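Read-outs: derived from the displayed coordinates by stated rules, not from any lab. On a predicted model such as this, the values are computed, not experimentally measured, just so you know. With ideal geometry, Cβ positions are generated from the backbone for all residues, glycine too; neighbour counts draw on all protein chains shown.
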Amino acid sequence: MGAALARNWWAFAIRGILGVLFGVIALTFPGAAMLSLLLIFAAYAIADGVFAIVSAVRAASHHERWLLFVFEGIVDIAAGVIALFWPTITVIVFVLLVAVWAIVSGSIMLTAAFQMDAAHGRWWLALGGIASLIYGALLVVMPLIGALVLTWWIGAYAIIFGGAMLIAAFRLRSRLHAGALAPA
């Protein structure tokens, strides 16, 4: 596992850079960050629903199965409309969705960390996983903390996660360039 990770150190670096950038933006402009996420989601969901219905119409005109595309389109459009007209409910659902995502991804990262060699950055990957688990648990315990605090948590988490990914990336890169792992 370590050799494959070392060859792809750059993917960890990109994840780290994007995490730190997102975290800085979320901490600097928390209200705008949450509203932007909500509006982007709403626009995407509505557009995706329209295209799913267009796919259904096209499938029906070719005598292919179309019912699931219509159902998907209706669900997508409904989610987008709810996000636009009931932003508070959307934020609460979003908080819980982020919580589940953080807990699941943190668990996977922690498991992956203990399958790595310690010299390849195991503990930094584990730190990213632990940060994800703590962040997810805090969101589950306090889902009504408000959009402002949520974006602060997202920002802080993203900076810690991004930093951990950058350190892991450069540890992997140094191991690859030191010849400890033969490139494929």
Residue among 108, 169, 42 farthest towards the positive dipole end of segment 2-177, charges placed on Cβ: 169
Among 101, 66, 153: highest mean-square fluctuation, GNM of the chain, C-alpha pairs under 10 Å: 66
Interchain or long-range residues, amide H under 5 Å from residue 8's placed H: none
Helix axis angle, 87-113 relative to the chain longest principal axis, alpha carbon, degrees: 30 degrees
Acute angle (nearest 10 degrees) that the helix 9-28 long axis makes with the longest principal axis of the chain, alpha-carbon atoms: 60 degrees
Within the chain: Cβ-based charge dipole about Cα centre, in debye rounded to nearest 20 (Lys, Arg +1; Asp, Glu -1): 600 debye
The chain: most fluctuating residue of 61, 36, 174 per GNM, C-alpha cutoff 10 Å: 61
The chain: angle of helix 30-61 to the longest principal axis, Cα-based, in degrees nearest 10: 60 degrees
